[in-house]
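Since the structure comes first, as structure tokens, the remarks are kept for the end.
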Amino acid sequence: MNDSRDTESSVAPVWAAEPSEDDHSTGKTAFTIGELSREFGVTLRALRFYENKGLLSPQRDGLNRLYSQSDRTRLGLILKGKKLGFTLGEIRQMIAVEEGDADSKTLSLSREKCLEQIAFFERQMREAAEALTELREIHLALSKQAMERNPNA
């Protein structure tokens, strides 16, 4: 018997955004494209793009899109994933894991990808620290030169 599915679905959300204290829309069940655009600071075009990619699935009321609470949560996950440097394909996998629709292979891939991103950002932080050190040294040297040329400044 394979109970990995049961284990996965019982796991608490690990990368879903926690509702903020100033979140007034959690009691709502439907959101317009404009409401989500304003709330998350994304363009209407971005929302339609995520819909086109199958990441969001709003209901239609004539020409209007009505997004569910699930779509709203997914949008938060999409934006967090983008912020963390994941591709849309990787974000799709992570959403599947978050929603309990993934198998153990997908969960393993997501964990591996998280480790890759951690290594990537750690490397970026080291490079940024080195660049800051170098810029501070250059600034100090330039400041000394300026003082030598114009000691009264």
Subject >> Vicinal HN-Hα couplings computed from phi for the stretch 33-38 (Karplus, 6.51 cos²θ - 1.76 cosθ + 1.60; Hz; Gly/Pro x) >> reply: 4, x, 5, 5, 4, 5
**OP:** Give me the number: length gained by fully extending Arg136 to Glu122, i.e. 0.36 nm times residue separation minus the C-alpha to C-alpha distance, one decimal in nm.
**Re:** 2.9 nm
**OP:** Mark the label point 7 Å from the Cα of Arg60 along Cα→Cβ and return the residues of the stretch 30-54 whose backbone N is within less than 16 Å of it.
**Re:** 33, 48-49, 51-54
Original post:
For the stretch 24-143, rounded, prolate or oblate, judged on the Cα gyration tensor with a ≥ b ≥ c (square roots of eigenvalues), a/c < 1.5 rounded, else prolate if a/b > b/c?
Top reply: oblate
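A short reminder: the numbers here are calculations on the coordinates, not readings from a lab. Because the structure is a prediction, the values reported are computed rather than measured. Ideal geometry is used to build each Cβ from the backbone, glycine not excepted, and the neighbour counts take in all protein chains shown.
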